[in-house]
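A short write-up of the structure that comes next.
The values are calculated or read from the model by the stated rules, or taken from the named source; none is laboratory data. None of the values given here were measured: they were computed from a predicted structure. Positions of Cβ are generated from backbone atoms using ideal geometry, with glycine treated the same way; all protein chains shown enter the neighbour counts. We work out accessible area using only protein heavy atoms, side chains counted, and drop any ligands, DNA or RNA first. Shrake-Rupley method; radii C 1.70, N 1.55, O 1.52, S 1.80 Å.
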Amino acid sequence: MSSGDAVLPHFFIAGIAASARQVRRPDLSGLNELERIVESLLGNMGYELVDLEQAGRGTRPILRLRIDRSDSEPGSSVTVDECASVSRALEEVLDSREDLLASYILEVSSPGVERPLRKRRDFERNLGREISLRGFGRLAGSSKRVEGVLLGIEGSGEAELLRVRTASGSEIEIPRSAVAKASLVFRWEDFEFGKSQKSES
């Protein structure tokens, strides 16, 4: 499958590493170290870490990664083969660090069309696109969720502000520290319209 076909998320599940006798619950305190290792490996391979999540429980802990190319453009994404290549390389590194993960199921995928926005560069790269924000509490008025066009990101640290234009046309500023989850918004009607435009040209 070519990158031009990679519109929806692709998943590659690498399987379980280590033997059943070695199974233990991952130490969540090692997440920062784990993320540092993953980001370093991906950077050397020309990719970036979009999201890292530990899920599962008991004897089936899951390490779930979403990756993208460092120079990716909106509308393109990594392929299944690329996810598989990253998964193999990552397994070699993680298998040597049983202090972080003794047994796990590794999942590597593209970020998908509703890509999570976690870092400042994610917001900067997607200025002018529609985003969805979910807050720890209320973000605007009585709502914990806001959708609109991302106009800018200003300030730094705890003072970072996201400027968003809502569907009503009003512009609001939301402290990034108040945002629990952010992602791009994907609408099928826009995708279908874009496809028909291309086929006519």
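Can you pull the percent of the range 81-165's accessible area that's carbon plus sulfur, 1.4 Å probe, other chains left in place?
Working: 1760 of 3980 Å².
Answer for the range 81-165 is 44 percent, counting heavy atoms of protein chains only.
What is the ratio of the Cα radius of gyration of the range 111-171 to 2.2 N^0.38 Å, with N the residue count, to two decimals? It would help to have the intermediate numbers written out before the result.
Numbers: Rg = 11.5 Å, N = 61, 2.2 N^0.38 = 10.5 Å.
The value comes to 1.10.
So, by mean Cβ neighbours within 10 angstrom, what's the order for 137-150, 82-95 with the highest one leading? Mind dumping the intermediate values first?
Numbers: 137-150: 14.6, 82-95: 17.5.
So the order, starting with the most tightly packed, is 82-95, 137-150.
Quick check on packing: order 33-40, 128-135, 104-111, 168-175 by the mean number of other C-beta atoms within 10 Å, highest mean leading. Show your work: numbers first, answer last.
Details: 33-40: 14.8, 128-135: 17.1, 104-111: 22.4, 168-175: 12.4.
Top of the packing list down: 104-111, 128-135, 33-40, 168-175.
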